[in-house]
Each structure stands twice: as structure tokens, then as C-alpha cells.
There are 4 protein chains.
Amino acid sequence: MSERTFASDNFAPAHPKVMEAIVACNSGHAMAYGGDDLTKKAQQAFSKLFGRDVGCHFVFNGTAANLTALMAFQKSYGSVLCSDAAHIANDESTAPERFLGMRLSPIATEHGKISPEGLRAALGGAHGVHHPVPVALSLTQPTELGTVYTLDELKTLTAIAHEHGLGVHMDGARLGCAVATLGCTVKEMVADTGIDILSFGGTKQGMMCGEAVIVLKPGLAEEFPYWQKHAMQLASKMRFIAAQFIALLEDDLWLDNARRANAAAAALKKAVEPLPFVKIAHPVEANALFVSLPPALIEPLQNETFFWPWDLSKGMVRWMCAFDSDVEDVERFVATLKRLAESVR
Amino acid sequence: MSERTFASDNFAPAHPKVMEAIVACNSGHAMAYGGDDLTKKAQQAFSKLFGRDVGCHFVFNGTAANLTALMAFQKSYGSVLCSDAAHIANDESTAPERFLGMRLSPIATEHGKISPEGLRAALGGAHGVHHPVPVALSLTQPTELGTVYTLDELKTLTAIAHEHGLGVHMDGARLGCAVATLGCTVKEMVADTGIDILSFGGTKQGMMCGEAVIVLKPGLAEEFPYWQKHAMQLASKMRFIAAQFIALLEDDLWLDNARRANAAAAALKKAVEPLPFVKIAHPVEANALFVSLPPALIEPLQNETFFWPWDLSKGMVRWMCAFDSDVEDVERFVATLKRLAESVR
Amino acid sequence: MSERTFASDNFAPAHPKVMEAIVACNSGHAMAYGGDDLTKKAQQAFSKLFGRDVGCHFVFNGTAANLTALMAFQKSYGSVLCSDAAHIANDESTAPERFLGMRLSPIATEHGKISPEGLRAALGGAHGVHHPVPVALSLTQPTELGTVYTLDELKTLTAIAHEHGLGVHMDGARLGCAVATLGCTVKEMVADTGIDILSFGGTKQGMMCGEAVIVLKPGLAEEFPYWQKHAMQLASKMRFIAAQFIALLEDDLWLDNARRANAAAAALKKAVEPLPFVKIAHPVEANALFVSLPPALIEPLQNETFFWPWDLSKGMVRWMCAFDSDVEDVERFVATLKRLAESVR
Amino acid sequence: MSERTFASDNFAPAHPKVMEAIVACNSGHAMAYGGDDLTKKAQQAFSKLFGRDVGCHFVFNGTAANLTALMAFQKSYGSVLCSDAAHIANDESTAPERFLGMRLSPIATEHGKISPEGLRAALGGAHGVHHPVPVALSLTQPTELGTVYTLDELKTLTAIAHEHGLGVHMDGARLGCAVATLGCTVKEMVADTGIDILSFGGTKQGMMCGEAVIVLKPGLAEEFPYWQKHAMQLASKMRFIAAQFIALLEDDLWLDNARRANAAAAALKKAVEPLPFVKIAHPVEANALFVSLPPALIEPLQNETFFWPWDLSKGMVRWMCAFDSDVEDVERFVATLKRLAESVR
């Protein structure tokens, strides 16, 4: 497969500028395990992005970013509240239970966004020694269903969580897509809304491999390097992850990438919305569409241009745009969709 | 730091051919999580290397390769026998205990190589319900102290282990250095000696990032993809690890790399052996030297050309050669050593 | 507190015959850790109860019985299906996650009983490497809400589970209450319905301390003694648990105890059902009542005779009968209830 | 087996006064999980014993006492220093690794007692992110080899540990035997020497079942009830453990028990020391003897009066006295020993 699809943003390659940065740093020896100059420079780039010193650590993948970040709030008898659509609850196997030793407590949501009422209800139960005690709230922004929390919604949720002594983690595997949608700065969306620790996506935002954990609450995760090591997430040739992040942050490449992905999703939505056989399941606020299709249409369409089913009992599938999705990809995909819809009718 | 040092083989960059392969695969979309064509091709390359179908899985780093491989023998009440110099026992934080839930039982060694007597003694203790039950033997080849097991030694140890119902894992982070020293094939050294599962090093053998777990015993690790996922070791853009391994195996690049590293170590040994103030602590059989130096010499030398101390109570340090260590590096290093030795006298 | 209450069957003392057995075995030395004669005799009593050789192991409490039993099906990437009212899901803190390393997947139920549709839906999801894989079904009989599965219901559920490769565990903390209700034998209810492994309650059925794990599927849990030890559940002076079980099984004392508890619950139900301010929430099929009361009544009633709230948002409380609950206890309790209901009106 | 042996102090029954206390509390209902009056009374008895308020929690067995106590110092990347004869290192299966997720680092000892030099050496290694970081020192008093630390030795070790930021745990499964030997108070031996948290033995000191964790450092283990629950160590009918401890502490019954056990060991030592075929391996300072016997003598002697082998490669066995070991037991045992020694000669 080499044609661009709408299967996932992790089907995409690395952005050319990211690749250039990798090639450029491939000479000479460098201190291993993050003791090198590029790692320092990448960490400084993140502090610049957030307008003040932040903690910054690089791990290999998104599951690892989420779970090492949540170590900041880990208690052996604790639980993590998250949405019922959360990646940590649905797509990370038993890694949360095994690595954190804690329970996940998913909260029912309509479009992937936790409501204040849902959060309060989850906090209201009995929490004596017989029950896991909530220690953290994990929010995904944009959500796994392609929706975006507003700044006010984030502030309300973090305030409730902090009132109850919980820490707040944000899973930002596609963070730029939300920043682009809200038209704010990442500082406004993450730091000013009360997020304590952030998974800042690398791979889905245009890198080859690597994610960042950004510690916003001062002093929160000083033991992070130890967690990272025993989580099997310490890269020896760290410079290669660092170089990618430097390129990603330079001139807001990550945001440009996100804008392109969002624009493709908007174009795709605009094109399929009028089609009578397509039903859009969730508001399209970032780079993903969730649509219901006639069951007979799904497999033929997948065979021509691969994408993932989401809930086949409802005929629901997911179309995800990447930084390299362009207008022609959308036009070609929609043309295929229409053609096949004719034939399966 | 960009000058080549003798600090570690993970201070080195990626081999240029490896980097070329990475760049070459950076276009178009590819199935994520190893469903792509390059991953299949890399897996076939490993089967070709071992002369028959082997299981082949790619993870991010060496700790992960060792511990996911050892899952093949995991029992909740089990223990893993290893040498007292083993990386899993000394350099992987508490990852073994946390990920495997098992105990490590290090066996005392002289030069990092487990002896048949040492192994038998470790197996001879009481193993009722009150005691961890040995389930696996982990051998490092070459050892962490730069020595190499002979084929006969390996066969003897695996035979004892198998007799007692233990599985055998080989940590081959620098596997090629041992193959080069023994002048045999990797099949002869690994498959024919009775190793059940192998960590095949990528990063230290010339890659940017990535290790392979090779399953030699048929049917041994069919659940590996599940372990890999919950170990937070499943790369989404897997093609980039696969491409590196294809380049590494092509025309035995990994062995060429190993030969160059071994040759540098031999040259370094030859140059320092006659020096009265240098004492070589372990036989130099691969790409590493462990030497005792006058204490006053260590820090000045590190300041000019970094390397890691090993056991400062004995004035012992480690000099490690990489695939890119060359004759001039050795000459320059030895010259510096001699010059500083004069000045600290 | 020494008056008998309806708080819980674990507020009750040990049955006098159980205590006699404890006292009777308190002389001389006996092999520790279950190597003694009484332990063998107790194990034989269980084999007699089930009409054939069964595995039989004694642990300290109910959480431990459930979790060591579930080790029989443990996979590191697995999940356990259970009802949303299950003790393992609601009352065992994070012990399941920490000890098993697995996820609990609660299935929504109306009265604590899993339906075949609910079970099928839970089994129908995606179970690739990204998702926990269901490995066991845990059924509580009687349920935590005081309802009882019929033999046919049990057979249907175990058949579905076995079809999908899952093992089936029964949490029988109050097993006798279900046997008494169904009027069958324990063999018919547990062994003949396809249960693979059973937590057989001791404490709530009339003992001071101790639970049994009964292995019904031959060969299923041969490593149990190792799990028991590393679960910190191996008693040294085991004879004292064994003696209690011998007394409990002798002349069906455990069933007599259960019948008395059930009878008290039936009497309590009969007495409160006509009261207009009492609403019974779940069918009363064993020894427990769940009722909604006027909120203002709950605290005054608790102050006179303690019981646990269940869901105060619905004014729901739990009344639980024990083996020593008698007619007078019921009459006294109902009189108090009526008197207080007058006064809070 | 009902004859008194020298196999272990856990072959003994419960002390009659302990049994009386159990029987006495077996009437009426009592709040479960430690909310009852007896539990409070037992906790007060421990505060009285130590001359000030101490934290006090009851668990089921010794492994659980040790490991829940060590949770007070738990860090996910930490290690626990202990002697190479320690129960936690040798007799608790993989429970330490699984429950704490930490490594055990045994220190070599001569007679089971850690030396200041040994402790300092263990603390002196590299402790960066690659290595487990020592977080606690666990001392057994008396040691598993029947020796006793002096007050000064304890103070020296706790001072070194505290200097390095480690907490100090004492495994006092047979605590009274050490107190009796030193002729001091338990407060002097435990609280005044700087122990932070203590496993206070119940079972081996004369109870049927139950151990206490005593928190000496104020504020140290406020989350203990949560650890206890998720460790599967929360008894529902807690009054029965509490009642035993009340009886054990009353009029220093536990110390009387210890003195009798020590006296029996001293008598046994006196009787066997002159025998030419018996070699005493460790100083006899508490209730245990470790002796080397002619190999041919061991099995015949075990067949007449059971005891555990210790290290058969050295012909070493263990003879352990209990609270109920008396002069006649010693005489009968020595007579048997002499008779058999004649016959195997």
C-alpha cells in the first residue's frame, strides 16, 4: 500500500522536514539516553512553546506517553477516570492495569466528551478501602471521536477534578488539531485550562516515531526519568527523537500539519454530508469523520481504499485525515464512494 | 559532543546504509502496527538468516527485547537465572520485576560467563512453593564484560537448562561481535546451540532505533503480539524499524559492523596492553575493554574523551568500540592516554 | 455492638459447632502449611460433597478466593467478564488489577444476573492485540443483589463462555443460600452446570475465617499452591481452617445455616412488603433484601440497628440475614422500622 | 502428627489463653473489617506496649505483614536491602516482586546479621535511572539463623539507612525471643533504635492466625488500610484476630512464650554441644539451633521426630523451639539423637 488513504494518521510517513532533521543529525557520537545537546534543545523548544519552563520527556509511543504521564498521580489503590471512548480504555490492551496497577473507570459520553455531570457522578460513589479511589482524570483533546472540548469545558472539568484532589492528564496524540480548531494557543488550551501533565503527540502529528510527555505543574513528575526507564521507554540514541521534535515545533510545523488534516476532514465532510446513504455520527471538529454507511458498501469501499471499521453493528466506520491528506485525495475518495454506492444499490 | 569516543556503541549514529533505507521508505501510506510490506520483508530476511522460518518481532529498545522475550517462559512464581554481570540484572531498573513479576537470580561469574557448575548450583536449591521456581536461563553473547561463550559452552549450558525444564534466552544486543569472534554462522551460534529465543540487537549494531525478538523454538511465543502491545512496544509506523533491519541484514552489514568494532577493540588492546599503568581486567574477545587505571588518571581522561566508569573502587573503566571506531580513533585515544599518564605521574 | 443486626453475614460470629472444632484441634504439633491430617480430611470432605475428586485449597478471605481462583485462566493481556454488581468489580479495591494484571469488564445487569444477550455482546467486540482479550467469566451465586441463577441460566451462560474459550468461575461466598433456594444439590448447581472453579465461602457461611477454592475441571489449577503462596494466602497453622470446614460440611451444617438465613430474609420480606414506605428493589431469592426507604428514615434506623446503605441517591439500603438471624430479630427490626417511620413522617 | 517436635514454631497450636479469648468473643454481632470494639482494644494494647500511640493493623500471615509494611517505602523503581538469610528473600516466593514491584537486594552475612560494612557497600553502588534505587532496609530480629542484633548494632544500621534516605523495617515474626535475650523492653529494642515499621509476629508467638504491622514513625503509613485491602489481607471477622492479640499482650504472655522457647533452645544446645558428631553452625541466641550432622543420621532422625533440613550439602539442619517446648521434649529428642547416632555409626 502506498496510496494515501483515510485509514489513520499513523499510516502517513514522516513529514519531509522531520526526515531532513533526522538525516542532519546522523553524524558523530552523541551522549546516549538524552544527555546530548539536541535533547536539551528540543526540551527548550517545548518550554518556549508553553511560555515558561516545563518538564519534557521523550518516549516511544502513545500508550507509553499516556501511562508514564499518569504515573504522576499513581496510587496503588487508585483509579483513573476517562471517557468511554478513551484510547487508554479501548486501545492500549491491559497496559494500564499492568503498568499502573490501577483501574480505569470509563465515564459514559455521547460524542467522546466527558460532561461535568458525568464527572461529578463518577466522583460521587463510595471510596472507602473496598473501592478504587479516583486519583486522576484523563481527557483526550481532540477526543477519539473527532470532537473538541472548548476552553470553558476544559476549565470546568479540571476545576471539578482538582477540587476532589485528582490530577488531570491530557492525551494530546493529535493536539494540534484541537488547537487549530479552537484558534487559540497551545498554552491557552493546555496550561491555562489547568492541565497538569500532557501527552504531546509526535507520530500522528508528523514524526516517524516518538512522543513527548510535558509536565506543566511544577514539581509534579520529578521521578519521571526513573519511570521512563522501568517502563522500557528510554531510547539510547535519543538525539533522533529530539531532532524530530525540534523540526516539528519549528515554525509551527505541527500546527500546519494539523490544519491540513482538519481541512481535509472538513472537505470530506462537506462532500459526503449531502449523500443520502451517509450518516455522520459525531460532530466533525478535528481531523476525523465517523459515519454510518449501508453495510453492503463497507467492504467494497475498504477493498479499494482501506479504512477501519468502528462499530459494524451500527454500520459505523472511521475516516481519519493525516497531515498529507490533500484535496485530490478527498475528491478521489468521494468519487470512489459514490461509484460503489451506485453499484451496491 | 560529536567526536567519536569509546564511551558506548550507543553513542554512535546510524550506519549510512541504514539511514538511506529510512529515507527511502518515507513516502506514501503504509498499514500501521506491522501490517505493511516492509515488515513482512524484514521478517523474511530473518528467516533467511537462520535458514528456516523463525518468529520475528520488532520492539523499541534492548530492555524491551529482553523482557518481552522472557515472557515466553513467564510463570507468576518463577525466576530467571542470569549472570551477575547481566544487563537484565544490572541495567534495566526494576523493569524485570514490574513487567515479568518474577525474580532475577544472578549467578556469580568471573568474566561474565556462567559456568556449568554455577548453573547447576543455582538449580540445586529448594524449589517448593516457598521459593521462586527457575523458569528460564538468560545468557548474554557476547557478555557484558566483553567475553564470548564458545559453541560448546553454550551447548552445555542450554542442555543443563533444558534438562531442568528451563527455557533459554540469549541477549544478543551485540550478537554480531560474538559471531565475528567465533567465525561461525549465527545459525550455528544461536539455533544449533539450543537457544529458544533471542534478543537480536539493532541499535548497538548500527541502527537508529529498534531491536528484534527472534523466536527459534517453533510455537514458543505465539502470543508475542499481545505481550508487545501491553508492554507499550508496538510501533505504529513500523515500516521505519523494518526498513532499518532490512538494511542491516543485507550483505551482512551487521557482521561487517561487528568486525570493525572488534578490530578496533583488538587494536586498542594491543596498544594499551604494554603500558605499565593499564591492567586489563577481562579477556578481550569482542568490542569492549575493561581496564584498571591509576585513579588520578581517570577523570582527566574522561574530560578529554568521555567513557563510563565501571567500578571506581577498583579503578576500573570500560572502553567500548562501535561500528564506526577506526584506526585513527584508537591512535588518538592512546596518544591522549599516554600524554595524560605522563602529566598525572 | 453485640445485638444481632441485618448489616451483614460477616457481622455474625462463628457457628458454635465450628468453634467446637477449632477448640478440639488445639493440641499437639501438626505439620504446617497444609501438610497436616485435618487438611487432608477437609479436602476429602469436599470431594465427597461433589461426588468425585476435586481440587481443594484454603485461603484467608473472599477476595483472595476469587482472585487466586481466576489465576486458573490468567493471561497477561486478558480480561474477566463479570456482572456490574460483582464483588470482584465493586468491593475488592484494585486487587484484581494488581494481582491478576488483567482488566475487569463489567456487564450491565438488571438484578445482578448476567443475561445471555449481555454476555454475547461483551464477547462480540474487537479483540485484537489492542484490546484486552476475555479469558474468563465470573458468576456470583447467589448474586450480590440477592438473586439466584436457575440451573438452566447457569448452563446457558457457561456454554456460551466455553464456546468462546473462556473459563468459568463462580463466586460462592454465600453458595448455600442458592443451593437452598433451588432445592438441588451443590453438585447439580456447580459441577453439572459447567463451572470450572469455585470460591466456596467459609466466613459468611458460618466460619470464623477461611474460604475454599474448589477446582472442578480436572487438571485446571495444578499450580494453585504456588499462586496461593505468592498471593500471601498460605496459612502456616492450616489445621485451624481445615477443622472449620470439616465442621461446616458435616451433616450439611452450611446448608442449614443457609436455610436459616434465607428463612429470615423471607420473613423480613413478608413483613415489610405491605408497608407503603418500603419498596423492594430486587427479587428476594436468597438472604438479602434491597429496599428503598424514605431518606429521612434511613439514618435514624441505622442508629438503632446498623445496616449498610447501598445507593443513597435512590434511598436504597441493604438488609442481609445471617445464619443466626431468627424470628425475633426480624420482629424486633420490623417493629423498630414501623415506630421510626411513624416518627419521621 | 501430634507429638511436639522441633520442626517449627508454626507446628505448635495456639496458646490456651489465646484460644480462650477466641471462644470468649464468639457471641453476638460485631462490626466487620476492624470497626469493632475488640480491634480498638487490641490497638490500644499495642500503644500501651510501646508507651505511645502507634499505628496498628492486623493481617493474616507473616509474608503479608512484611510486604504491606514495606509498602510504606515503596517506589516503583526501588529496591529493598535485606540479609541473604532474610525470610522475604528466601521464603516468600515471588510475592515481594509481584506485590511491591520492587527488587530485593540481599546482602551477604555470616550469621544472618547485616554488618555496617555490608550495608554501606550495598548503598555505595550506582543508583541512576538504570539501577533500582534502595528505598528500605529490612532487618529480621531475631534473625532467621537464630542470632540477635544488639541494641547498638540496630542503632548503627538504622542510622546508616536513615542517612541515605532509606526507611527501616523490622521483621519480628519471633520478636519476643530477641527481647527476652537482650533483657530490654520492646520499646527499647524497636522504637528507640530507630525502626520505622515493624512486623509483630502473632502465629509463631502463640496465636492461631494473625500478624500485626506496627507503625512507629508518625504519619508513615496513613494509607495502610488501602494497602491491606488490595493486598487481600483485610479480615471481615476481625474481632477474632484482635482477641488473640489482646490475650497475647496481656501480662506479657508473648514474652513468657518467648522465654520458654529460648530456654528450650538453650537446653537443647547445652545437651548436644558436647556430642562429637554435632556441630553448631550459628550462635544460639534465640529459639533456634542450626547444626551439622553426619548425613546418614539426618533421615532416620527426621523419621522419628520431624524437622526441616536447611542445607543438606553441608549436612545442616534446623531445630526450632516453640512456646510449648519443654524440658521433657528436649530430653526425649536428645535421647533419640544419641540412640540413632549409635546405630548409624
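The table for this structure:
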quantity	calculated
Residue of chain D whose Cβ sits closest to the axis mapping D onto A, with distance in whole Å	D:Gly101, 4
Cα pair count fraction exceeding 43 Å, expressed as % - the protein assembly as shown	49 percent
Per-residue SASA entry for D:Thr158, accessible area with 1.4 Å probe, Å² rounded to 10	10 Å²
Percent of beta bridges antiparallel (DSSP, chain A, rounded to nearest 5)	50 percent
Estimated [θ] at 222 nm from DSSP helical runs (n ≥ 4, -39500 (n - 2.57)) normalised by residues in chain C, nearest 500	-11500 deg cm²/dmol
Counting DSSP beta bridges with both ends in the protein assembly as shown, the antiparallel % (nearest 5)	50 percent
Copies compared at A:Ala121 - label distances in nm, ascending, label defined 7 Å from Cα in the Cβ direction	1.5, 6.2, 6.4
Of D:Arg103, D:Arg120, D:Arg239, the one that fluctuates the most in a GNM where chain D has Cα springs shorter than 10 Å	D:Arg120
Solvent-accessible area buried by C and A, counting both chains, probe 1.4 angstrom, square angstrom	1500 Å²
Ascending list, in nanometres, of distances separating the B:Ser343 label from those of the other copies (7 Å, Cα toward Cβ)	7.7, 8.1, 9.3
Kirkwood Rh, angstrom, the stretch A:29-75 [1 / mean 1/r, Cα pairs]	12.2 Å
Carbon/sulfur fraction of accessible area - the protein assembly as shown, other protein chains in place, 1.4 Å, %	52 percent
Assigned charges on the beta-carbon of Lys, Arg, Asp, Glu; the stretch A:17-252 dipole about Cα centre (debye)	460 debye
Chain B: most fluctuating residue of B:Leu248, B:Leu293, B:Leu81 per GNM, C-alpha cutoff 10 Å	B:Leu293
Where only alpha carbons of the stretch C:105-241 are counted, the Rg and the Dmax (Å)	16.0, 47
For a label point 7 Å along the Cα-to-beta-carbon line of A:Asp53, residues of the stretch A:196-228 with backbone N under 11 Å	A:218-219
More than 23 angstrom apart: percent of Cα pairs within the stretch B:17-252	45 percent
Per-copy distances of the B:Glu20 label point, shortest first, in nm (7 angstrom along Cα→Cβ)	2.3, 9.0, 9.1
FRET E, pair D:Leu312, C:Asp192, Förster distance 56 Å, beta-carbon r, rounded to 0.05	0.70
Neighbour net charge for C:Ala136 - beta-carbon separation under 10 angstrom, K R +1, D E -1	0
For A:Leu49, net neighbour charge (Lys/Arg +1, Asp/Glu -1) across residues whose Cβ lies under 14 Å away	-2
With DNA, RNA and ligands ignored, accessible area of D:Lys75 (1.4 Å probe; Å², nearest 10)	80 Å²
Relative packing of peptides B:194-202, D:333-341 - highest average C-beta neighbours within 10 Å first	B:194-202, D:333-341
Neighbouring partner chain Cβ atoms per residue of A:218-226, average, 10 Å criterion	3
Local electrostatic count at D:Ala212 - Lys and Arg +1, Asp and Glu -1, tallied over other residues with Cβ under 13 Å	-1
Per residue accessible area of the protein assembly as shown, 1.4 Å probe, in Å²	34 Å²
Cα pair distances of the stretch A:191-345 binned at 5 Å [whole percent]	2, 8, 14, 16, 15, 12, 11, 10, 7, 5, 2, 0, 0
Cα-Cα pairs of the stretch C:48-114 separated by more than 20 Å (percent)	37 percent
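The values are calculated or read from the model by the stated rules, or taken from the named source; none is laboratory data. On a predicted model such as this, the values are computed, not experimentally measured, just so you know. Positions of Cβ are backbone-derived with ideal geometry, glycine not excepted, and every protein chain shown enters the neighbour counts. The area values use the complete protein model at the heavy-atom level, side chains included, leaving out ligands, DNA and RNA. Shrake-Rupley method; radii C 1.70, N 1.55, O 1.52, S 1.80 Å.
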